[in-house]
Each structure stands twice: as C-alpha cells, then as structure tokens.
1. Using every pair of alpha-carbon atoms in segment 1-73, split the distances into 10 Å bins beginning at 0 and state the percent of pairs per bin, rounded to integers.
2. Note down the magnitude of the dipole of the chain about its Cα centre, charges +1 on Lys and Arg C-beta and -1 on Asp and Glu C-beta and zero elsewhere, to the nearest 20 debye.
3. So for each of 74-85, 132-143 I average, over its residues, the number of other beta carbons within 10 Å; can you give me the resulting order with the highest mean first?
4. Whole-Hz ³J(HN,Hα) for each residue in segment 71-87, computed from phi via Karplus 6.51 cos²θ - 1.76 cosθ + 1.60 with θ = phi - 60°, x for glycine and proline: what do you get?
5. Give the relative contact order (percent, whole number) for segment 1-155; include only Cα pairs under 8 Å separated by 6+ residues.
6. Could you work out the mean projected area of the convex hull around the alpha carbons of segment 24-146, in square nanometres to one decimal?
7. Relative to the Cα centre, what is the charge dipole magnitude of segment 1-90, using +1 at the beta carbon of each Lys and Arg, -1 at the beta carbon of each Asp and Glu, and rounding to the nearest 20 debye?
8. Search the structure for amide H atoms under 5 Å from the amide H of G91, placed 1.01 Å from N in the peptide plane, and list their residues when 5 or more places away or on another chain.
Amino acid sequence: MWEFSGRQRLPFAETPAAGQESVWDYPRPPKLVADQRRVVVRFGEITIADSFETYRVLETAGPPTFYIPPKDVRVEFLQPFPGASVCEWKGTAKYWGLKSLAPSRQAIGWSYPTAQSPYEPITGYFSFYPGRIECSVDNERVRPQPGFFYGGWVTDEIVGPWKGEPGTERW
C-alpha cells in the first residue's frame, strides 16, 4: 500500500533550489494545475501539438504529466492504439499511436475520454510519452521518466528521486 502523500518530504528526497519543485512535495491524490508555458510535441519536423493552455498533474514521487487541449493537437497524425489502463484518480485512459502506413508499435500518448471528478477539466486532453516522442516545455527538451509505463515529464524545474528509477519498485 502506498504510504507517501506529499505532506512531508522524505530524508532521501533532493532539496529543491530556488525555482525548483520536489516531486515529494506534490500531493496524493494528485493536483491539477493550469500551466501557460509553451508545450510542443514533435515527431521529426511534424508538430503534433503546440499549446499555451495545458494542465499539469502533480502527484507524489512522480514528475508531472502535461495535458494538452484537443484544439491544440493535430489529431490527423494520431490513431487509436490497442489497450487501456485505469488510474484510480482520473479514470480509464485510451492510448494513441502515430498514424502511418505501418501499424504503430507502441503508444505515444493517452487521453481520458471521461475523466473522473475532480479531473474533468482534462477530459479529452492528450498527454504524451517524452521517451517515445519529442516534447518540450518553453523550449526545454523534456526527458522521460524512467520505466516503460510512466509518462512523467522531467525538466530542470523538478528534483527527485522519482518512481521508475531502479530500486523504486516498492514505492
């Protein structure tokens, strides 16, 4: 059973510098925060998404995930990808792959067709795996959260350690 709630930073957590956030200060259940920085998702030279109207989901021990409104996503480059998963907070996620002549080998993103309360604002919004497609926040290239399943966006503004690193399986 998960025991971390963001109410107290653990001794092994890195201390954030000015302008940084510790993932150990993020709450559980997660917090939904509007973000007006420029978020861009690209596949090579093709811009898949470009927005100044995103949400970040902040959850204890994980890098944030950014959710982009559908009006700012070029869905003509996406196709549904098989499978789904359930988040105890946000609900059932649908996966997306790149549209091409060959079937996608892995999902590059996900969305919540019907996000649960209080996460309804991200209903229909898209998030992307920065390890599978290029993502940036205000021109900073996002690094992927370790681990195949996780979709956290690692930027210079956050410090960890975070779930997904070797040895964090018990978190």
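1. So the P(r) values, bin by bin, are 19, 38, 27, 15, 1.
2. About 380 debye.
3. 132-143, 74-85
4. Couplings: 5, 9, 10, 7, 5, 5, 9, 10, 9, x, 10, x, x, 7, 9, 10, 9 Hz.
5. Working: 330 pairs, mean separation 28.5, N = 155.
Reported relative contact order: 18 percent.
6. With the hull built on Cα positions only, its mean projection is 7.5 nm².
7. 120
8. Placed amide hydrogens put Q116 under 5 Å from G91.
None of the figures in this text is laboratory data; all of them are computed from the coordinates on show. These numbers were taken from a predicted model, which means no experiment stands behind them. FYI the Cβ positions are ideal-geometry reconstructions off the backbone, even for glycines, and counts take in every protein chain you see.
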